[in-house]
Amino acid sequence: MQTFENPILPGFYPDPSVCRVDEDYYLVTSTFAYFPGVPIFHSKDLVHWKQIGNVLTRDSQLPLANTEVSQGIFAPTIRYNDGIFYMITTNVSGGGNFIVTAKNPAGPWSEPFFLEGAVGIDPSLYFENGKCYYHGTCEKPDGKYYGDNDIYLQELDLKEMKLVGERHVIWHSALKNAVWPEGPHIYKKGDWYYLLISEGGTGHEHAITVARSKTLTGYYEGHKSNPILTHRHLGRDYPIVNVGHSDLVETQHGEWWAVLLASRPYGGRYRNLGRETFLVPVAWEDDWPVFNYGVGLVRSTERFPDLPPVTFHQRTSFDFTGASKLPINLLHLRNPIPDDHKLDTDGLHLRLNKNKIIEKESVSYLCVRQQHKSFEVVAKMQFSPKNENECAGLVIFQSRKFHYQFVQTKDLIKIIKCENEVLTTLYESPIVNSDKPLYLRVCAKEQVMEFTFGTDAVSDTDILLSVDARMLSTDVAGGFVGNTIGMYASSNGEDSDNRALFSIFEYKAF
């Protein structure tokens, strides 16, 4: 039996949503304060995914000013109907719930249609008989605690992009006093409408539950076997935790599968990778879905879908010399400032804007997601600081409050720890040949992170310092995101027209 390895999207790819169009599958995930927003992937086999674009690529679609890293874009949903793709999501930092549309899922996508009266988060869409129905979360009118929510449904006029008609509260949750019923998706199978949600919060108590009704507007009856999937009973040291936030898809051969999020702790109960995307088979018994029949868990190794494998390789190592545009899987932190980066025959030039990565501002930071427990990043950089305020190099970033900076300053190389917004210089040393390009290397061996630099190459014999990476986990830093690592340049509060040149940036599993 052919198998695959979970997660199917390792690293910071939370809140997955999936849809099928004939023999093609499309998937989106959350991005929070990163830009561009909502990566979109294509697959033929549900296991191998190739990023084909980003849904939110313009400032007008995705305003992120003064946004904390775990704010911004929450759980998106992707659906297809009558030749049009719809992506609906929440910008919790500006505007609320909105829809964008496209005929080509690779883009471009429309300007956002913000939905007046669409309260709550985690919106989804269901299409039937030429009509569209919005469903999402709302606070209970008589709610007794924070997160005491209802799931509601209301018709959506797609021509006017407005909610119309009566709002129907269709379910609360499976458990009494459940916190954060969220992530609703409606499906029709046979005579039943099914409502799939998550509850318990997006941490260790996360769980997937289901209800059904003979009518779309409900009220929905909860399954007696709820929750139908959770790992909260397995303990915090289990290798896969935080299981929840799922979306179902039926293949062209009649199989059902679920994408969902989960986390992989390592080095103890530490989750530097954030919430990742996993794939689980779904069967049906007595007109109810059963996740991973006979197993009831998310497994690291799972049987392959009844689909022919089509493999993709997503590039995470870049030679910027002569490049005409940035790779689609490189991220900015918040909206990029115009002219902060430019490409030419020499490579990628990052301007030293005055904002610091410890602030809630747009910074000169271009990054990739950490996708492995052990990894190596090498950057080739040429930089001539004009004064002591200017710096450029690499940052390993969990949030503005928790990160490591590995930077060149005026005649010095520095390793700086930011822990709970307190900056501490852990290492500094003069640079002998500061006019030559530097090779900066960060090597993580699970929770031990090593820093190395050189003017020709780097190796394990040149290690400057080893640090504890557990600070970069959500268990310590809080929030919803996994780590990113990337190229950074700043003049630290001063105006500057100086730039750092990055010709090579390489990320690989170690």
I'd like to check something: does the stretch 55-69 contain any residue that is under 18 Å from Glu250 (Cβ atoms) and either modelled with pLDDT of 95 or more or surrounded by fewer than 21 Cβ atoms within 10 Å (Cβ to Cβ) (or both)? no
Surrounded by fewer than 16 Cβ atoms within 10 Å (Cβ to Cβ), in contact with a helix residue (DSSP H, G or I) (Cβ under 9 Å, 6 or more places away or on another chain) and either modelled with pLDDT under 95 or over 23 Å from Lys373 (Cα atoms) (or both), is that true of Gly268? yes
Go through the stretch 76-92 and count every residue that is surrounded by fewer than 24 Cβ atoms within 10 Å (Cβ to Cβ) and not in a strand (DSSP E or B). 3
State yes or no: is Val249 in contact with a Cys (Cβ under 9 Å, 6 or more places away or on another chain), of a type in the set (Val, Ile, Thr) and not in a loop (DSSP other than H, G, I, E, B)? yes
Restrict the check to the stretch 444-460 and report whether at least one residue is under 16 Å from Thr409 (Cβ atoms), surrounded by 13 or more Cβ atoms within 10 Å (Cβ to Cβ) and of a type outside the set (Gly, Ala, Ser). yes
Taking the stretch 301-327 as the region of interest, how many residues are within 27 Å of Ser30 (Cβ to Cβ) and buried (at least 18 other Cβ atoms within 10 Å of the Cβ)? 5
Criterion violated by Val282 - all others in (1) touching a His at 6+ places or on another chain (Cβ under 7 Å); (2) within 24 Å of Ala262 (Cβ to Cβ) satisfied: (1)
List every residue pair whose Cβ atoms sit under 7 Å apart, with the two residues 6 or more apart in sequence or on different chains, where the first one lies in the stretch 495-506 and is in contact (Cβ under 8 Å) with a residue 40 or more places away in the chain and the second, anywhere, is surrounded by fewer than 20 Cβ atoms within 10 Å (Cβ to Cβ) and small (Gly, Ala, Ser). Glu506/Ser317
Candidate set: the stretch 466-510, residues that are basic (Lys, Arg) and assigned to a strand (DSSP E or B); chosen: the one farthest from the chain's Cα centre (by Cα): Arg499
Can you name the residue in the stretch 195-241 that is in contact (Cβ under 8 Å) with a residue 40 or more places away in the chain and either among the polar types (S, T, N, Q) or not assigned by TED's automatic domain parsing to the domain that holds Gly268 (or both) and, of all such residues, is nearest to Gly294 (Cα to Cα)? Ser225
Within the stretch 44-56, can one find any residue that is part of a loop (DSSP other than H, G, I, E, B) and under 18 Å from Glu111 (Cβ atoms)? no
Failed item in (1) in a strand (DSSP E or B); (2) surrounded by fewer than 20 Cβ atoms within 10 Å (Cβ to Cβ); (3) not hydrophobic (A, V, I, L, M, F, W, C), with His403 passing the rest: (2)
Is it the case, given these coordinates, that Pro338 is in a loop (DSSP other than H, G, I, E, B) and modelled with pLDDT under 95? yes
Tell me, which residue of the stretch 181-214 that is closer than 21 Å to Ala262 by Cβ and part of a loop (DSSP other than H, G, I, E, B) is nearest to the chain's Cα centre (by Cα)? Thr202
Taking first residues from the stretch 267-294 that are under 24 Å from Glu221 (Cβ atoms) and second residues anywhere that are of a type in the set (A, V, I, L, M, F, W, C) and assigned to a loop (DSSP other than H, G, I, E, B), the pairs with Cβ under 8 Å that are 6 or more apart or on different chains are Val280/Val298; Trp288/Ile228; Pro289/Ile228; Val290/Ile228; Phe291/Ile228; Asn292/Val298
Which one of the conditions (1) more than 16 Å from Thr90 (Cα to Cα); (2) surrounded by fewer than 16 Cβ atoms within 10 Å (Cβ to Cβ); (3) touching a residue at least 12 places away in the same chain (Cβ under 8 Å) does Glu139 fail to meet, given that it meets all the rest? (1)
Residues (outside any strand (DSSP E or B) and among the charged types (D, E, K, R)) located in the stretch 20-43: Asp22, Glu23
From Gln405, Gln447, Gln382, residue being touching a Leu at 6+ places or on another chain (Cβ under 7 Å) and not aromatic (Phe, Trp, Tyr): Gln382
For the stretch 169-188, give me the residue count where each residue is without any contact (Cβ under 8 Å) to a residue 60 or more places away in the chain and either surrounded by fewer than 19 Cβ atoms within 10 Å (Cβ to Cβ) or closer than 21 Å to Phe74 by Cβ (or both). 12
If we ask which residues in the stretch 148-159 are touching a strand residue (DSSP E or B) at 6+ places or on another chain (Cβ under 9 Å), part of a loop (DSSP other than H, G, I, E, B) and over 19 Å from Pro76 (Cα atoms), their number turns out to be 1
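The values are calculated or read from the model by the stated rules, or taken from the named source; none is laboratory data. Everything quoted here is computed from the prediction, not taken from an experiment. Virtual Cβ from ideal backbone geometry, glycine too; neighbours counted across all protein chains shown.
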